[in-house]
Amino acid sequence: MNDKELYRQILGISGPWEVAKVDLNIEDEKVDIEIIYKSNKALCQECGTECDIYDHSGKRAWRHSNTCQMKTYLTCNIPRIKCKLHGLKTIKVPWSESSSRPTILFE
Ligand SMILES: [Zn+2]
């Protein structure tokens, strides 16, 4: 199992979400995990309609529970869809209840 597959399973990511990169920084004792969305379509959170990806909300980082004492961060440039009814919507990420603020599991 490679490190991407390991983190995919730890984070419970599936479907169009994929671990693109795992950067281990021994000096700073941290792990940066980059996640990408590999589809050009996503469901609207409000009405469940499949919509085209319109743009991206910009790269954001989330603090995740530590991996073996290493500070673990997820980064993702979350896609936004344009729903005919609801307009521009950031799609729901599988590792965070609300995509509007960072998840802090452990401090
Ligand atoms: Zn909608």
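Bear in mind these aren't lab numbers, they're just calculated from the coordinates by the rules spelled out. Predicted model only: the values in this text are computed from it and were never measured. Methodologically, a virtual Cβ is constructed for each residue, glycine included, from the backbone with ideal geometry; neighbour enumeration extends over all protein chains shown.
General remarks:
- Altogether, the Stokes-Einstein calculation at 10 °C and 1.306 mPa s, with the Kirkwood radius of the chain over Cα pairs as Rh, returns a diffusion coefficient of 109 µm²/s.
- Residue among Gln9, His86, Val19 farthest towards the positive dipole end of the chain, charges placed on Cβ: His86
- Pairs from Lys21/Lys59; Lys4/Lys92; Lys59/Lys82; Lys4/Lys71 whose Cα-Cα separation, in the structure shown, is over 23 Å: none
- 3J(HN,Hα) along segment 76-85: 7, 9, 6, x, 10, 9, 10, 8, 4, 8 Hz, from the Karplus curve 6.51 cos²θ - 1.76 cosθ + 1.60 with θ = phi - 60°, whole Hz, x for Gly and Pro.
- For the chain, share of DSSP beta bridges that run antiparallel, in % to the nearest 5: 80
- FRET efficiency for the pair Asn66 and Ser39, taken as 1/(1 + (r/R0)^6) with r the Cβ-Cβ distance and R0 = 30 Å, rounds to 0.50.
- Local net charge near Glu18, Cβ-Cβ under 12 Å (Lys/Arg +1, Asp/Glu -1): +2
- When +1 charges are put on Lys and Arg Cβ atoms and -1 charges on Asp and Glu Cβ atoms, the dipole computed for the chain relative to its Cα centre reaches about 460 debye.
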